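Participant: My structure is below; once you've seen it, I'll send some questions.
The values are calculated or read from the model by the stated rules, or taken from the named source; none is laboratory data. In this text the structure is predicted, and so the values were computed from the model without any measurement. With ideal geometry, Cβ positions are generated from the backbone for all residues, glycine too; neighbour counts draw on all protein chains shown. Quick note on the areas: whole protein, heavy atoms, side chains included, nothing else; ligands and nucleic acids left out. Shrake-Rupley method; radii C 1.70, N 1.55, O 1.52, S 1.80 Å.
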Amino acid sequence: MGLSLAELAQRIGARLRGDGVRPIERLAALHEAGPGEVSFLANGRYRRFLKDTRAAAVILSTRDADACPTACLVVEDPYLGYARAATALNPEPSQPRGVHAAAWVSDEARVDETAWIGPQAVVDARAVIGARAFVGPGCAVGEAAIVGEDCRLIANVTLCHGVTLGRRVLIHPGAVIGADGFGLANDGGVWVKIPQLGGVRVGDDVEVGANTTIDRGALEDTVIEQGVKLDNQVQVGHGSHIGAHTAVAGAAGIAGSVMIGRRCAIGGGVGINGHVRLADDVHVTGRSVVYQSVTEAGVYSSGMPLQENRKWRRNLPRLRQLDEMMRRITALEDKLE
Amino acid sequence: MGLSLAELAQRIGARLRGDGVRPIERLAALHEAGPGEVSFLANGRYRRFLKDTRAAAVILSTRDADACPTACLVVEDPYLGYARAATALNPEPSQPRGVHAAAWVSDEARVDETAWIGPQAVVDARAVIGARAFVGPGCAVGEAAIVGEDCRLIANVTLCHGVTLGRRVLIHPGAVIGADGFGLANDGGVWVKIPQLGGVRVGDDVEVGANTTIDRGALEDTVIEQGVKLDNQVQVGHGSHIGAHTAVAGAAGIAGSVMIGRRCAIGGGVGINGHVRLADDVHVTGRSVVYQSVTEAGVYSSGMPLQENRKWRRNLPRLRQLDEMMRRITALEDKLE
Amino acid sequence: MGLSLAELAQRIGARLRGDGVRPIERLAALHEAGPGEVSFLANGRYRRFLKDTRAAAVILSTRDADACPTACLVVEDPYLGYARAATALNPEPSQPRGVHAAAWVSDEARVDETAWIGPQAVVDARAVIGARAFVGPGCAVGEAAIVGEDCRLIANVTLCHGVTLGRRVLIHPGAVIGADGFGLANDGGVWVKIPQLGGVRVGDDVEVGANTTIDRGALEDTVIEQGVKLDNQVQVGHGSHIGAHTAVAGAAGIAGSVMIGRRCAIGGGVGINGHVRLADDVHVTGRSVVYQSVTEAGVYSSGMPLQENRKWRRNLPRLRQLDEMMRRITALEDKLE
C-alpha cells in the first residue's frame, strides 16, 4: 500500500523537508533503498551510509537533517518513526471471518461472527472467541478459555482451560499458555503432584513469542499485565506476575512466584529465581542470573567474558579459590602494616 | 467437590483439631481464605498471616498448632498435606471415551475402547493407546508408539515413531518425545547425519512439561525412569538416562549420553555436558553448569552474582586475570618470607 | 535391510579385513553387538571393549586393526564410517504420496504429485510443496511458503508465510520458522510493534531441531545457509545469518542481527548478543556467552566451575570484589618495591 511522502509524514508525526508528492511504497535499509522507498537513521553505526543513500526519503533526527542528500522526515525518535512508518505502509491484511470447514468448534463454545477459526483448529466447550479474533491453523483453545477482541493466535498455539486473554493479544506459533505449573511435594522420595488450580490472565496488547510457555498458577493466577512483550522460548513459572509494559527477550527463564515491576527490560537468556521481586524500571542485561530481589531501578548484570579456551582453562580453577585469594591479600596487608 | 473437615483430615492423614463437621469446598492462601476454604502453612514467611486467617481450617505442623485461631489439620509435612488436600478437593474430571469425529486414527492402530482421542489428533499405524488414556487435541502419536494406561497427552504433543510411555505419564502441550538426536559426523567440512536408531522409553508416573524435548537415542534408547518430573522447555539429549524420582526444573539442558542418578534435583536453566554422570541424590542449584561428573551426593552450584552494570563492567576484565592475580599473590608471599 | 560385509565395506569406503560374505543386519555398541551386527571404535574410552567384542565386524582405524578379534572395516575416520554404515543399513523408508483425506490444502497451493501431505496438516494459499517432500501430521505451511524437493517436516512444524526452504531440509516437530522478530520501539513507556517485513531463507541440507525457532527479519531476511545443523530449542533472532556448515547445539540462543561464519561450532546453551559477528571456524564451548565479536578462528569459552554449594556461597561475594582485589594486589606490590 503506497502513500505520498506528505501523507506518511503526517501519519508518523514528522516534519517534512522536501517534495511531499513523492510516492512511497516500502521501507528499506539506508544502503539498499531506492526510489519509492523510505529509510531511517536510528543508529549511529549506519550514519556513514547517509550521504550516498538513494532512498526517496529518510526518517531521522534534527542533527542529521542537514547531511541528508534527499527528502527527510524529521522526528524526535527515528526508531519510533521507523516503527510507525512500517505500520503505516504495511496495514494488517483484511482477515477472513467464520469457521473453516476443517476446524472443530464445540457446540457449547461462543464464537463471535466476525472472528476466524482456521483449519485444523479446535475450540473447546464454553470457550469464548471475541470479535475480529483470529485463531490460526492447528490452534487449540481449551475449555472455558477466553480470547478477547482482535486477538491473533498465529498457528499451533495452545491455550489451556480457563486462560483469559485481553484485547489485541498476539501469540506466535507453538506458544503454550496455561500448562500446569511445576508443583511437587515430596513423600519419602516420591514426588506427589500438586494440582494447579489457578489460571493465567493476560492483559491487553500483550505479545507472546514462538514456543514461549506461561504456566497456570498453583492457587492464584499467573498474571501478565497489559503491554508486556515476551520474545520466543521464554518460560514464565506459576504464580508469577509481570508488570505492565515490561519486555522480556528470548529464552529468558522466570521461575515461579516472581514479581516483576512495570517497564522492566529483561535481556535474552536471563534466569530469575523463584520468589524474587524486581522493582519498576529494572533492566537486567542478557544472560544474567537474578538470585535475589532488586529493589531499585537501574541496570544490572552478571556473567563472564569470553576467553580463548586455553586461557579460560587456566582461570577456571581460580574461581574456586576467590575467597582464599582475598584472605591471602588481607594477610599480606596485615603483615605489611 | 466438597468434603467435611473430618473426611479431609482422614484423606490427608492429618490429626484434626476443631469441628470436623465443617464443610470444605476449596483451598486458598492463608491471607485470602474464608469460610469453606482450607489453607496451609508450609513456609515460615507466611507465618505472620496465621493469627488473622479466616480460613475454615489450616494444614500445619505441631509447632504452629497452638497459634492457629481456627480449626487445624496437624501433619508432619504441611506442604505434602497441602498437595494431598488439593488432590482430594479437586478430583480429575471424568473424561470422555472414544475417537472424536475430527481425529484421524490409522486402521492399523490399536486404541483401547476406554481411551479418548481428541479432535485434530493423529494416531499412526501400529500405535497402541492404553486403557483410559487421553490423547488431546492436535496430538500426533507416531508409528508404533505405545501410550500406556491412564496417560494424558494434553494437547499438541508429538510422540515420534516407536516411543513408549509407561502408565500415568502426563505430557503437557508442545512437548516432543523421540525426535532425532543431534548426531553428526564431519566429512571434510560437511556434516553427515547419523541415523538415530534408538528410541525413548518413559517410565510410569513421569510428568513432561510444555515444549520439553526428549531425543531418541543414536543406537540405544534414551531412558526416563519412573517418577521423573521434567518442567517446561527442558532438553534431554540422545542416549541420556534419568534415574527414578529425579526432578528437573524449567529450561535445563541435558546433553547426550548423560547419566543422572535417582532422586536428583536439577535446578532451572542448569546445563549438563555430554557424557557427564551424576550420582544419586545430587542437587544442582539453578543456572549452574556441570562440565564434569559428580560422584558424591550433595548440593552443587556455579554462577555469578548480579551486580550494578557499572560495577560489573569493572569486574569483568578481572575474570580474565584470575590466574595472574593468584600468581602475583604467591609472589608477594614469597617476597615477604 | 541387510548387506554382506563386502558390500558394506564398499558403501562406506573401508578396507575389509576378514570374511566379506558375512551378512550384516544392524549396528550395535561394541560391548553389546553380536552376530549379524557391525560395531565401531571411534572413541578411546571404548577401546577396552574391543578385545572381547562379539560383533561380526568392527569399523576402526589402522591403529586398532591388529587388536581386533573379528573382521574389521578399516577407515580413516571411524566415526564417519559409523555414520555411513548406519545410513547404508537404514535407508529412509519409502514414503507415501498424495494428500491425506484429513489434511487441508488450499486450492491456490501447488503440491507436487510425488509429495505427501499428512493428516491434520494445513497448506495455505500460494504455498509450493516440492517433489517428494513430506509434510507430516499437524504441520502448518503458511501462505506463499516454499518447501523444496525432498524436504521433511516431521510433525507439528509451523512455517509462517513466505518462508523458503531449499532442498532436503529436515525439520523436527514443534519447530517454528518465520515468526515475527522481537522488534519494538518505545513511545513514552509503551512498546510499539515494528512490523517484521523480512522473511527466512533456509538453504539446502539444513536440519532444524525440535521446538527450535527462527524468526523472520525486520526488513531483510534471516538466512540459514546450506548444510547448517541446528539442534533442539535453538533460538535464532531476526536478521541473523548463519554461515554454511555451521552446527549449533541445543538451547543456544542467538539474538538478532548476528553474523556467524562458516563451519562454526556453537555449543549447547551458548548465548550470542545482538549484532555480534563470529569469523569462520570459530568454536564456542557449551554455555559460554558471547558479548562481543570474535574475529579469529579458534576455540573460545566462558563459564564457572561447579562447586559444592557451601564453598560457592563463600566465593560468590568475591566476584563483586575482583577489581578491588586487583587494586589491593597492585598496592601491595608498590609498597614492597
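Participant: Among the residues in the range C:270-293, are any among the polar types (S, T, N, Q), touching a helix residue (DSSP H, G or I) at 6+ places or on another chain (Cβ under 7 Å) and over 25 Å from A:Ala331 (Cα atoms)? If you could, list the steps in order and put the result at the bottom.
Facilitator: Keep residues of the range C:270-293 that are among the polar types (S, T, N, Q), which gives C:273, C:285, C:288, C:292-293.
Then keep just the ones that are touching a helix residue (DSSP H, G or I) at 6+ places or on another chain (Cβ under 7 Å); that gives C:285.
Then drop every residue that is not over 25 Å from A:Ala331 (Cα atoms), which leaves C:285.
Yes, because at least one residue in the range C:270-293 is among the polar types (S, T, N, Q), touching a helix residue (DSSP H, G or I) at 6+ places or on another chain (Cβ under 7 Å) and over 25 Å from A:Ala331 (Cα atoms).
Participant: Ok, one more. Looking at (1) over 20 Å from A:Gly268 (Cα atoms); (2) touching a strand residue (DSSP E or B) at 6+ places or on another chain (Cβ under 9 Å); (3) open to solvent by 40 Å² or more (accessible area, probe 1.4 Å), which one does C:Val202 not meet, given that it meets all the others?
Facilitator: (3)
Participant: When you look at B:Arg310, is it touching a strand residue (DSSP E or B) at 6+ places or on another chain (Cβ under 9 Å), within 30 Å of A:Thr295 (Cα to Cα) and more than 10 Å from chain C (Cβ to nearest Cβ), yes or no?
Facilitator: Details: touching a strand residue (DSSP E or B) at 6+ places or on another chain (Cβ under 9 Å): yes; within 30 Å of A:Thr295 (Cα to Cα): yes; more than 10 Å from chain C (Cβ to nearest Cβ): yes.
Against the criterion (touching a strand residue (DSSP E or B) at 6+ places or on another chain (Cβ under 9 Å), within 30 Å of A:Thr295 (Cα to Cα) and more than 10 Å from chain C (Cβ to nearest Cβ)), B:Arg310 qualifies.
Participant: Between a first residue in the range A:20-32 that is closer than 19 Å to C:Leu219 by Cα and a second residue that is open to solvent by less than 80 Å² (accessible area, probe 1.4 Å) and acidic (Asp, Glu), which pairs have beta carbons less than 7 Å apart while being 6 or more apart in sequence or on different chains?
Facilitator: A:Glu25/A:Glu37; A:Arg26/A:Glu37; A:Leu27/A:Glu37; A:Ala28/A:Glu37
Participant: Oh, and also: Does the range B:59-74 contain any residue that is under 30 Å from B:Cys151 (Cα atoms) and touching a Pro at 6+ places or on another chain (Cβ under 8 Å)?
Facilitator: Initially, the range B:59-74 is screened for residues under 30 Å from B:Cys151 (Cα atoms), giving none.
Checked against the condition, which is being under 30 Å from B:Cys151 (Cα atoms) and touching a Pro at 6+ places or on another chain (Cβ under 8 Å), the range B:59-74 yields no hits at all.
Participant: Please work out which one of (1) more than 7 Å from every other protein chain (Cβ to nearest Cβ); (2) within 30 Å of C:Gly298 (Cα to Cα) is the condition A:Ala331 fails and give its number.
Facilitator: With respect to (1) more than 7 Å from every other protein chain (Cβ to nearest Cβ); (2) within 30 Å of C:Gly298 (Cα to Cα), A:Ala331 is out only on (2).
Participant: Ok, one more. Being in a helix (DSSP H, G or I) and open to solvent by less than 90 Å² (accessible area, probe 1.4 Å) is the filter here, so list the residues in the range A:30-46 that pass it.
Facilitator: Within the range A:30-46, the first condition is being in a helix (DSSP H, G or I), and the residues that meet it are A:44-46.
Those that are in a helix (DSSP H, G or I) and open to solvent by less than 90 Å² (accessible area, probe 1.4 Å): A:Gly44, A:Tyr46.
Participant: With the structure loaded, tell me whether B:Gly98 is touching a Phe, Trp or Tyr at 6+ places or on another chain (Cβ under 8 Å) and on the phi > 0 side of the Ramachandran plot or whether it fails that test.
Facilitator: Numbers: touching a Phe, Trp or Tyr at 6+ places or on another chain (Cβ under 8 Å): yes; on the phi > 0 side of the Ramachandran plot: yes.
When the stated conditions are applied, B:Gly98 passes them.
Participant: Restricting the search to the range B:145-165, which residues are surrounded by fewer than 22 Cβ atoms within 10 Å (Cβ to Cβ), in contact with a strand residue (DSSP E or B) (Cβ under 8 Å, 6 or more places away or on another chain) and in a loop (DSSP other than H, G, I, E, B)?
Facilitator: In the first step, residues of the range B:145-165 are kept if they are surrounded by fewer than 22 Cβ atoms within 10 Å (Cβ to Cβ); the result is B:146, B:148-150, B:152, B:161-162, B:164.
Within this subset, residues satisfying the condition of being in contact with a strand residue (DSSP E or B) (Cβ under 8 Å, 6 or more places away or on another chain) are B:146, B:148, B:152, B:161-162, B:164.
Scanning the range B:145-165 gives B:Gly148, B:His161, B:Gly162.
Participant: Filter the range A:266-281 for residues that are surrounded by fewer than 24 Cβ atoms within 10 Å (Cβ to Cβ) and β-branched (Val, Ile, Thr) and give the result.
Facilitator: A:Val276
Participant: Restricting to the range A:126-137, name every residue that is farther than 13 Å from A:Trp116 by Cα and open to solvent by less than 10 Å² (accessible area, probe 1.4 Å). Spell out the reasoning first.
Facilitator: Residues of the range A:126-137 that are farther than 13 Å from A:Trp116 by Cα, as a first pass: A:126-127.
Hit for the range A:126-137 is A:Ala127, nothing else.
Participant: Within the group A:Gly203, A:Gly227, which residue is touching a residue at least 40 places away in the same chain (Cβ under 8 Å) and more than 20 Å from B:Phe40 (Cα to Cα)?
Facilitator: Just a single option satisfies the conditions, and that option is A:Gly203.
Participant: Restricting to the range C:220-236, give me the number of residues that are farther than 22 Å from B:Val234 by Cβ and buried (at least 23 other Cβ atoms within 10 Å of the Cβ). Walk me through how you get there before you give the answer.
Facilitator: Step one: of the range C:220-236, the residues farther than 22 Å from B:Val234 by Cβ are C:220-228.
From what is left, the residues that are buried (at least 23 other Cβ atoms within 10 Å of the Cβ) are C:222, C:224, C:228.
Residues flagged as farther than 22 Å from B:Val234 by Cβ and buried (at least 23 other Cβ atoms within 10 Å of the Cβ) within the range C:220-236 amount to 3.
Participant: How many residues are closer than 20 Å to B:Ala185 by Cα and either open to solvent by 20 Å² or more (accessible area, probe 1.4 Å) or among the small types (Gly, Ala, Ser) (or both) if we restrict to the range C:237-251?
Facilitator: From the range C:237-251, those closer than 20 Å to B:Ala185 by Cα are C:242-250; that's our starting set.
Restricting the remaining residues to those that are either open to solvent by 20 Å² or more (accessible area, probe 1.4 Å) or among the small types (Gly, Ala, Ser) (or both) gives C:243-245, C:247, C:249-250.
Total meeting the criteria: 6.
Participant: Further question on the same structure: Name every residue in the range B:290-327 that is open to solvent by less than 20 Å² (accessible area, probe 1.4 Å) and either in contact (Cβ under 8 Å) with a residue 24 or more places away in the chain or more than 29 Å from C:Arg327 (Cβ to Cβ) (or both), in order of residue number.
Facilitator: B:Val290, B:Val294
Participant: Pairs under 6 Å by beta carbon, first residue within 10 Å of chain A (Cβ to nearest Cβ) and farther than 15 Å from C:Gly138 by Cα in the range B:159-177, partner polar (S, T, N, Q) and surrounded by 24 or more Cβ atoms within 10 Å (Cβ to Cβ), six or more apart or different chains?
Facilitator: Every condition considered, no pair remains.
Participant: Right, here's the next one. Would you confirm whether or not the range A:106-123 contains a residue that is away from chain C (no Cβ under 14 Å) and in contact with a Ser or Thr (Cβ under 7 Å, 6 or more places away or on another chain)? Outline the logic, then answer.
Facilitator: Filtering the range A:106-123 for residues away from chain C (no Cβ under 14 Å) gives A:106-115, A:123.
Right, trim to in contact with a Ser or Thr (Cβ under 7 Å, 6 or more places away or on another chain) and you get A:123.
Scanning the range A:106-123, I find at least one residue that is away from chain C (no Cβ under 14 Å) and in contact with a Ser or Thr (Cβ under 7 Å, 6 or more places away or on another chain), so the answer is yes.
Participant: Would you please list the contacts, defined by Cβ atoms under 6 Å and residues six or more apart or on different chains, that run from a residue in the range B:230-248 that is at negative phi to a residue that is among the basic types (Lys, Arg) and part of a strand (DSSP E or B)?
Facilitator: B:Ala247/B:Lys229
Participant: (1) outside any loop (DSSP other than H, G, I, E, B); (2) open to solvent by 80 Å² or more (accessible area, probe 1.4 Å); (3) charged (D, E, K, R): which one isn't true of C:Arg54, the others all being true?
Facilitator: Every listed condition holds for C:Arg54 apart from (1).
Participant: Return the residues of the range A:252-289 that are touching a residue at least 24 places away in the same chain (Cβ under 8 Å) and out of contact with any Lys or Arg (no Cβ under 9 Å at 6 or more places or on another chain); say none if nothing qualifies.
Facilitator: A:Gly256, A:Arg262, A:Gly274, A:Gly286
Results for (1) more than 11 Å from every other protein chain (Cβ to nearest Cβ); (2) over 21 Å from A:Gln196 (Cα atoms), shown as yes or no for each residue.
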position	(1), (2)
B:Leu3	yes, no
B:Glu32	no, no
B:Glu37	no, no
B:Gly44	yes, yes
B:Arg47	yes, yes
B:Lys51	yes, yes
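Participant: When you go through (1) under 22 Å from C:Trp191 (Cα atoms); (2) among the β-branched types (Val, Ile, Thr); (3) open to solvent by 60 Å² or more (accessible area, probe 1.4 Å) one by one for A:Val21, which number turns out not to apply?
Facilitator: Going through the list (1) under 22 Å from C:Trp191 (Cα atoms); (2) among the β-branched types (Val, Ile, Thr); (3) open to solvent by 60 Å² or more (accessible area, probe 1.4 Å), A:Val21 breaks only (1).
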